[in-house]
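Okay, so here's the structure we're looking at.
The values are calculated or read from the model by the stated rules, or taken from the named source; none is laboratory data. These figures come from a predicted structure and were not determined experimentally. Cβ placement follows ideal geometry from the backbone for every residue including glycine, while neighbour counts extend to all protein chains displayed. Side chains are part of the model used for accessible areas, which takes the heavy atoms of the whole protein and leaves out ligands, DNA and RNA. Shrake-Rupley method; radii C 1.70, N 1.55, O 1.52, S 1.80 Å.
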Amino acid sequence: ETMILTKFSNNYNERQICLIDYLKSQMKPGSNFFKSKYIAKDTGLSSKEVGTNMAILSEICPEFKIERYSYSNSTTWLVTTPQV
């Protein structure tokens, strides 16, 4: 696990690494929808931390295409794996 951290540490902070690992473990083929409050519950981050860092990852993380999908009672994120 240390290798993963070392590999990412230049690009991502600890919370972002936590979110990337979470997404990797939860992704199914195709489109995936995640609510900030459930990501927060599963990762121990606050909903605000999830929202802030998912927004940052949507700009800088090439492994996933992350889009804000809706705001009803908790931000929902649409996450897909870009086709290479």
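In segment 36-63, the residue that is most open to solvent (accessible area, probe 1.4 Å) out of those that are at pLDDT 95 or above and outside any helix (DSSP H, G or I) is G44. Just for segment 15-33: of the residues that are within 9 Å of the chain's Cα centre (by Cα) and not aliphatic (A, V, I, L, M), which one is least open to solvent (accessible area, probe 1.4 Å)? Filtering first and then ranking leaves Q16. Residue check: L78 meets all listed conditions (1) in a helix (DSSP H, G or I); (2) among the hydrophobic types (A, V, I, L, M, F, W, C); (3) farther than 17 Å from I17 by Cα but one, namely (1). Residues that are touching a strand residue (DSSP E or B) at 6+ places or on another chain (Cβ under 7 Å) and of a type in the set (S, T, N, Q) were ranked within segment 64-84; the one that is modelled with the lowest pLDDT is S74. Applying the set (1) touching a strand residue (DSSP E or B) at 6+ places or on another chain (Cβ under 9 Å); (2) modelled with pLDDT of 95 or more to S31 leaves exactly one unmet item: (2).
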